[in-house]
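Comments concern the structure below.
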Amino acid sequence: MLTLISQLIPGAAYLLAAILFMYGLKQMSSPVSAPAGIRLAGVGMLIAVLASFFNVFGVKAAAKPHLMVNIILAGVAILLGAGAAWWKGRQVKMTAMPQMVAIYNGMGGGAAATIAAVELLGFGSEGMTRLIVTLTGAVIGAVSLSGSIIAWAKLDEVMKKPLRFKGQNLVNIFMLLITVGVAAYFVYIVASGTAPILSLHAIIAIFFGCALVFGVMMTLPIGGADMPVVISIYNAATGLAVALEGYVLQNPALMIAGMVVGAAGTLLTLLMAKAMNRSVSNVLFSDFGAESKHKHSAIKGTERPVEASDAAIFMRYAKSVIVIPGYGLAVSQGQEKLYEFVKLLLAAGVKVRFAIHPVAGRMPGQMDVLLAEAGVPYDLIFQLSDINDDFPTTDVALVIGANDVVNPAARTDKSSPVYGMPILDADKARHCYVIKRGQGKGYAGVENALFYAPNTNMVYGDAAAVCAEMIEAVRGLGAAAA
Amino acid sequence: MHFSFAISGFVGLYLFMLAGFGGWVIIGNVPAILHTPLMSGSNFVHGIVVVGAVFVMLNATNPAEQAIGFFAVLLGAGNAAGGYAVTDRMLAMFQTSGHAAAHKTAKRSSIKKAAKGSGS
């Protein structure tokens, strides 16, 4: 009877959870139903976790004497882990979201790897397939864990420069081969029953050590600008690791949920890489973002700085404005001020829209979230493919804290590192205003010809401060008229 | 009647294939505006690993397994709870403007359809 409960209840609960996860993710394909979608998935998670405790009735005989301690430990671990992550997740700033996702993702990879570690410690005669699947999941989970931590460090700017040296790819491949070699040796020992040169525990420790180091080494040379793609890859990797460990534990909920995320993460990675016009292998193995060795074709012309108030008044009397926000806006926390300014323009009858580049911010879609946080309704927000054709018929393109995503060199200059990336055609608008902290290069470290174009004016200053000045200017105008 | 089952060999591969295809199709429809919540949401979904971790923890037979199992549950629970917290926060921010702006692209109209479908 008890065995029946330990099979029936978790089995039914996992099935329900799998349905809720898939349906919840489906609901997330529209901003309207998305909040309900994540809540459904959350309910699924809650049900699955509660049901997992019914396994107490079906633990293996050897674990029975430890059951009480194990239950308490599991409960404490859930409360501690969930409590800390929940608290942190509730109070973290929206701009720091990519780092946070990286950390949570690393935790998932770590959980998969530690499950594999326990399985390996107690590995008996469950068969070669399961052993190999366990080891594969372990490598992927461990790489995802250490790689995500490096990704976090880079996004949080704990680690500022990508670390590169000659022959790095060779060293990384060597590291991976060692990891696979240790895993193969472990399989050999278990299969043949020969005595290992070290204790089994030591071999397992070396195996995980190698996998963790490989994750670090693989992520170190990748520049900060590419981190979104990297997090997305690790997100898919963690999903895969979870699915593989699910197979080992014979748990279909882990297998389905993990594989869904594995596929979704892979698709998202490809979409992102496509938006940057780079292949995934190019992101992982090339040294993009390094100080380019070749000289760029010198850009002719000078930058023309203007006052914020002049720019504001010009836009007030324009017919149409497209705002192109970038990460610089988020850094200065100017989203709310910007929207206040936009509201003034809208009230004055100007047609204002936001154009979002797929890789604006440090994560695909992060800019959408930041604008939503400031209260910008999402029907004013347009994606690159929906709005790019409208620039030639638009009076003003207002570039605010963005740089690489509006660099015309991406269309024309084959020697430029950003060549081929789809850009927002701000240079095709009749006039262009660029709000920028100072004369400098973008995240990718490339000069931008747009800033020197004859129809471009530069407004130097902190994005939030400039927006405040522009609000003043337009309000002053209204007051003068009245 | 018994409810135990074994997923072995090809059955496992079938399950992976179907789930993978399902994930691919489901995510393929998500507009770019939701990519960050989606990444974070799928990050939350693989937090299901906590269920496996609890299973391993309950079946631990010695202090080493208990210690590692404890970490597995800790990390898995963090993944699930944190992933949910940030995704929910992000999604709560999306709102539409009151004035019915005339965007008649296909993507927008599909959003409106979904709005009707959800009913709230």
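Of the residues B:23, B:78, the single one that is modelled with pLDDT of 95 or more, open to solvent by less than 10 Å² (accessible area, probe 1.4 Å) and either closer than 23 Å to residue A:148 by Cα or not in a helix (DSSP H, G or I) (or both) is B:78.
If we keep just the residues of region B:45-75 that are among the small types (Gly, Ala, Ser), at the interface with chain A (Cβ under 7 Å from one of its Cβ atoms) and assigned to a helix (DSSP H, G or I), which is surrounded by the most Cβ atoms within 10 Å (Cβ to Cβ)? Per the stated criteria, the residue is B:53.
Every residue in region A:232-280 that is of a type in the set (Ser, Thr, Tyr) and more than 7 Å from chain B (Cβ to nearest Cβ), please. Of everything in region A:232-280, those that are of a type in the set (Ser, Thr, Tyr) and more than 7 Å from chain B (Cβ to nearest Cβ) turn out to be A:234, A:266, A:269, A:279. When A:56, A:43 are screened for being within 22 Å of residue A:74 (Cα to Cα), open to solvent by 10 Å² or more (accessible area, probe 1.4 Å) and modelled with pLDDT under 95, only A:56 passes. In this structure, residue B:12 does not qualify as surrounded by fewer than 23 Cβ atoms within 10 Å (Cβ to Cβ), over 22 Å from residue A:111 (Cβ atoms) and touching a helix residue (DSSP H, G or I) at 6+ places or on another chain (Cβ under 7 Å). Scanning region B:27-44 for residues that are free of Cβ contacts under 8 Å to residues at least 24 places away in the same chain and either open to solvent by 20 Å² or more (accessible area, probe 1.4 Å) or under 26 Å from residue A:113 (Cβ atoms) (or both) yields B:27, B:28, B:29, B:32, B:35, B:38, B:39, B:42.
Okay, residues lined up against (1) buried (at least 18 other Cβ atoms within 10 Å of the Cβ); (2) aliphatic (A, V, I, L, M); (3) out of contact with any helix residue (DSSP H, G or I) (no Cβ under 7 Å at 6 or more places or on another chain):
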residue: A:382; (1), (2), (3): yes, no, yes
residue: A:388; (1), (2), (3): yes, no, yes
residue: A:392; (1), (2), (3): no, no, no
residue: A:399; (1), (2), (3): yes, yes, no
residue: A:404; (1), (2), (3): yes, no, yes
residue: A:413; (1), (2), (3): yes, no, yes
residue: A:421; (1), (2), (3): yes, yes, no
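Give the residues of region A:146-168 that are surrounded by fewer than 16 Cβ atoms within 10 Å (Cβ to Cβ) and more than 23 Å from residue A:361 (Cα to Cα), sorted by residue number. Hits for region A:146-168 are A:164, A:165, A:166, A:167. Taken over region A:114-143, the criterion of being hydroxyl-bearing (Ser, Thr, Tyr) and facing chain B (nearest Cβ under 10 Å) is satisfied by A:114, A:129. Out of A:222, A:231, one residue alone is part of a loop (DSSP other than H, G, I, E, B) and among the hydrophobic types (A, V, I, L, M, F, W, C). It is A:222. Of the residues making up region A:82-106, those that are at the interface with chain B (Cβ under 8 Å from one of its Cβ atoms), open to solvent by less than 40 Å² (accessible area, probe 1.4 Å) and closer than 30 Å to residue A:202 by Cα are A:104, A:105. Scanning region A:188-230 for residues being among the β-branched types (Val, Ile, Thr), open to solvent by 30 Å² or more (accessible area, probe 1.4 Å) and over 30 Å from residue A:98 (Cβ atoms) gives a total of 4. Do we find that residue A:354 is open to solvent by 40 Å² or more (accessible area, probe 1.4 Å), touching a strand residue (DSSP E or B) at 6+ places or on another chain (Cβ under 8 Å), modelled with pLDDT of 85 or more and within 25 Å of residue A:407 (Cβ to Cβ) in this structure? So residue A:354 fails the test.
Can you say whether residue A:14 is surrounded by fewer than 20 Cβ atoms within 10 Å (Cβ to Cβ) and among the hydroxyl-bearing types (Ser, Thr, Tyr), as far as the supplied structure shows? For residue A:14, the condition - surrounded by fewer than 20 Cβ atoms within 10 Å (Cβ to Cβ) and among the hydroxyl-bearing types (Ser, Thr, Tyr) - is not met. Only residues that are touching a helix residue (DSSP H, G or I) at 6+ places or on another chain (Cβ under 8 Å) and not in a helix (DSSP H, G or I) were counted in region A:1-45, giving 6.
Would you pick out the residues in region A:451-472 that are buried (at least 21 other Cβ atoms within 10 Å of the Cβ) and part of a helix (DSSP H, G or I)? Scanning region A:451-472 gives A:451, A:463, A:466, A:467, A:470.
The values are calculated or read from the model by the stated rules, or taken from the named source; none is laboratory data. Quick caveat, the model's predicted, so the values are computed rather than measured. Don't worry about glycine lacking a Cβ; one is built from the backbone with ideal geometry, like all the others, and counts go over all protein chains shown. Just so you know, the surface numbers come from the protein's heavy atoms only, side chains and all, with ligands and any DNA or RNA stripped out. Shrake-Rupley method; radii C 1.70, N 1.55, O 1.52, S 1.80 Å.
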